[in-house]
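Written out below as structure tokens is the structure these notes cover.
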Amino acid sequence: MLQGARHAHMRALNSAADELKISLEIFELRNDRDLINANPHAIILPGGESTTMRLTGNDISSRLLPELFRMLRRNSELPVMGTCAGAILLSDPQDDGGKIVDANVDRNAYGRQSESFQSVVNAKIISREFPGVFIRAPRFSSLGSESTPIVFHGEEIVGVRTKNRIALTFHPELSKDNSFHKWLISTALEVKS
Ligand code: GLN
């Protein structure tokens, strides 16, 4: 909840939970204590501006990012969805630890804001086509051995999975289709049971 497209994710999570007929509690995480107290069953890293997220999340007043990365490295089962800037943080944590999602990513790789676009993507992980919203999106330049491609835009990989963590270069929360949020909740239920 430091910055970026977080409220749209909350709406998508609530509608996914309604459709799955489960109750859901959403925690708004702004600092390390929020995360420790919440001890969540799943985590979303929203899109926005990764530089701003790094500055605010590493700042002494928050320390959310170091705690988040520590928690994710300790628990590779924990379902995580990083979208756009969130995908950048997962693939390139820029701390002393390893990648959370095993891919290399280039920021702003389609160009400036005016090069943002919408296009249907082939989301194998949810077995369907999905409306992809790409806003000053990053691009995966390569995938490591720990990751599998899960979403394609034509030939291009726009979604990657490492364990229960997915990194998407587009914004699923900005479409009416909440399948990715359902995937996150369903995976959390599987891990918990
Ligand atoms: N351009 C942003 C960055 O580099 C990502 C854009 C987004 O999250 N929509 O962090």
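Suppose we filter the stretch 142-164 for residues that are surrounded by fewer than 16 Cβ atoms within 10 Å (Cβ to Cβ) and either at positive phi or of a type in the set (A, V, I, L, M) (or both); how many remain?
Number satisfying all stated conditions: 1.
Pull out all pairs, ordered by first then second residue, where Cβ-Cβ is under 6 Å, the residues are six or more apart or on different chains, the first lies in the stretch 168-193 and is assigned to a strand (DSSP E or B), and the second is of a type in the set (Val, Ile, Thr).
Qualifying pairs under 6 Å: 168/83.
Checking the condition within 11 Å of the ligand (Cβ to nearest atom), charged (D, E, K, R) and out of contact with any strand residue (DSSP E or B) (no Cβ under 6 Å at 6 or more places or on another chain), which residue from 70, 107 passes? Steps first, answer last, please.
On the way: 70 fails: within 11 Å of the ligand (Cβ to nearest atom).
The unique qualifying residue is 107.
Could you tell me how many of the residues in the stretch 128-153 are in a loop (DSSP other than H, G, I, E, B) and within 16 Å of the ligand (Cβ to nearest atom)?
First pass over the stretch 128-153, keeping only residues in a loop (DSSP other than H, G, I, E, B): 135-138, 144-147.
Next, from what is left, pick out any that are within 16 Å of the ligand (Cβ to nearest atom): 135-138.
The total comes to 4.
From the list 127, 145, which residue is free of Cβ contacts under 8 Å to residues at least 12 places away in the same chain and among the small types (Gly, Ala, Ser)? Don't jump to the end; show me each part of the working.
Numbers: 145 fails: free of Cβ contacts under 8 Å to residues at least 12 places away in the same chain.
Just one listed residue meets the conditions, 127.
Determine which member of the set 93, 79 is in contact with a helix residue (DSSP H, G or I) (Cβ under 6 Å, 6 or more places away or on another chain) and within 14 Å of the ligand (Cβ to nearest atom). Break it down into steps so the answer makes sense when it comes.
On the way: 79 fails: within 14 Å of the ligand (Cβ to nearest atom).
Just one listed residue meets the conditions, 93.
Taking residue 23 and the conditions (1) within 20 Å of residue 90 (Cα to Cα); (2) of a type outside the set (D, E, K, R); (3) in a loop (DSSP other than H, G, I, E, B), which numbered condition does it fall short on, given that it satisfies the others?
(1)
Kindly indicate whether any position in the stretch 49-62 is in contact (Cβ under 8 Å) with a residue 12 or more places away in the chain, surrounded by 22 or more Cβ atoms within 10 Å (Cβ to Cβ), within 13 Å of the ligand (Cβ to nearest atom) and not hydrophobic (A, V, I, L, M, F, W, C).
Checking the stretch 49-62: at least one residue is in contact (Cβ under 8 Å) with a residue 12 or more places away in the chain, surrounded by 22 or more Cβ atoms within 10 Å (Cβ to Cβ), within 13 Å of the ligand (Cβ to nearest atom) and not hydrophobic (A, V, I, L, M, F, W, C).
No lab work stands behind these numbers, since they all come straight from the coordinates. Keep in mind that what you see is a predicted model, and the values were worked out from it rather than measured. No Cβ is skipped: glycine too gets one built from the backbone with ideal geometry, and neighbour counts run over all protein chains shown.
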